[in-house]
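Below is one structure, written out as structure tokens; comments come after it.
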Amino acid sequence: MLLFWDARVQIEHSPRAACSEDHNPEARAGKNRTRLGPAEGGPAPGASVPSDAGSIMQVMSASDSIVTHEPAIPKAVVLLSGGLDSATALAIAQSEAYEPYAISFRYGQRHAVELDAARAVAEAAGVARHVVVEIDLRVFGGSALTSDIAVPKHDSASELTQDIPITYVPARNTIFLAYALAYAEVLEANDIVIGVNALDYSGYPDCRPEYIRAFEAMAKLATKRGVEGNALSIHTPLIDLTKGETVRRGLALGVDYSLTRSCYDPAPTGEACGHCDSCLLRLRAFAENGLTDPAPYQTGARAV
């Protein structure tokens with residue numbers, strides 16, 4: 001299977017990567033300047049210098065010789081679908097001082113609405129770089145998201161079960177994490193962030209903590225950086241949160257959820273259906289916080 005890099009990949013450098021000296025000529029000029037002068041206890045200005053000291057004597061203060069450097073900001077590859085969870089995970093990564101490199105996928109899903117949302121979220125967050133990877137899981141099918149199978153609809157979130165639904169895409173997170181792992185190795189990053197959730201997760205097996213830990217252990221064995229002692233960490237900041245708690249955390253971090261999209265089966269114009277598993281969980285999450293979901297929905301489609 002071939003990997004194609006999207007010609008429209010967005011690249012935006014993080015403001016944090018710019019040093020303050022770039023905007024301060026005096027700081028730039030003096031950044032590495034070594035000041036020469038009398039040390040404590042040394043000869044005063046204008047004092048005679050013994051002949052055996054040579055014709056020139058420079059005395060440097062110990063404190064003047066110290067050059068400080070800001071610590072490098074750690075890089076993290078963040079899986080960004082354009083949905084509620086991944087946007088929140090990105091915000092958490094930034095709040096914990098990671099420099100985010102976002103990765104999204106055009107994998108043959110039913111629509112491109114989430115990808116458009118991913119681009120908007122990445123731009124608003126000012127990520128260091130956003131790449132969109134093209135793969136086509138329609139060659140396998142097996143999911144309502146990658147084939148002609150109808151997306152199940154419900155009238156209420158209470159109708160959802162923990163059975164694995166037909167919207168599960170076989171091995172999708174394994175495939176996505178494998179790409180993220182390769183990207184992290186190229187970036188020399190030791191951290192991957194993914195917004196999986198083990199509570200409100202529609203029964204997906206690749207959203208469970210044991211799966212994440214197993215992939216993390218595999219990554220340490222399967223990469224050059226891993227065997228050289230650079231252990232990779234997969235961060236799952238939402239793993240123990242309900243959708244409602246996720247929304248609350250994101251709002252506290254300033255996430256603009258109006259940019260995000262989660263629907264499995266939106267209208268051609270982008271409005272959410274309001275009745276698929278993803279819509280129902282999302283609507284309930286905002287309702288639990290006394291809020292209305294800011295994403296657009298089809299008329300009369302806001303079931304809870």
Filter result for the condition that a residue is within 21 Å of S278 (Cα to Cα), at pLDDT below 95 and among the charged types (D, E, K, R), over R119, R110:
R110
Of the residues that sit in the range 213-244 and are within 18 Å of the chain's Cα centre (by Cα) and hydroxyl-bearing (S, T, Y), which one is farthest from A285 (Cα to Cα)?
S233
Restricting the search to the range 83-99, which residues are in contact with a strand residue (DSSP E or B) (Cβ under 7 Å, 6 or more places away or on another chain) and assigned to a loop (DSSP other than H, G, I, E, B)?
Y98
Please verify whether C263 is in contact with a Cys (Cβ under 6 Å, 6 or more places away or on another chain), part of a helix (DSSP H, G or I) and closer than 21 Å to D116 by Cβ, treating the condition exactly as stated.
no
For the range 132-157, name all the residues that are touching an Asp or Glu at 6+ places or on another chain (Cβ under 7 Å) and within 15 Å of F176 (Cα to Cα).
V132, E134
Condition broken by A301, with the remaining ones in (1) within 19 Å of Q109 (Cβ to Cβ); (2) in contact with a strand residue (DSSP E or B) (Cβ under 9 Å, 6 or more places away or on another chain); (3) part of a loop (DSSP other than H, G, I, E, B); (4) among the small types (G, A, S) satisfied
(1)
Could you tell me whether A128 is at pLDDT 95 or above and either within 24 Å of F286 (Cβ to Cβ) or more than 17 Å from the chain's Cα centre (by Cα) (or both)?
no
Name every residue in the range 240-260 that is part of a loop (DSSP other than H, G, I, E, B) and free of Cβ contacts under 8 Å to residues at least 60 places away in the same chain, in order of residue number.
D240, L241, T242
Members of the range 266-294 that are touching a residue at least 60 places away in the same chain (Cβ under 8 Å), surrounded by 22 or more Cβ atoms within 10 Å (Cβ to Cβ) and assigned to a loop (DSSP other than H, G, I, E, B)
P266, H275, C276
In the range 84-102, is there at least one residue being more than 30 Å from P71 (Cβ to Cβ), of a type in the set (D, E, K, R) and crowded, with 21+ Cβ neighbours inside 10 Å?
no
When residues of the range 100-120 are filtered for being touching a residue at least 60 places away in the same chain (Cβ under 8 Å) and part of a strand (DSSP E or B), how many remain?
5
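The values are calculated or read from the model by the stated rules, or taken from the named source; none is laboratory data. Worth saying up front: this structure is predicted, and the values here are computed from it rather than measured. Here the Cβ is made from the backbone with ideal geometry for all residues, glycine too, and neighbour counts use every protein chain on show.
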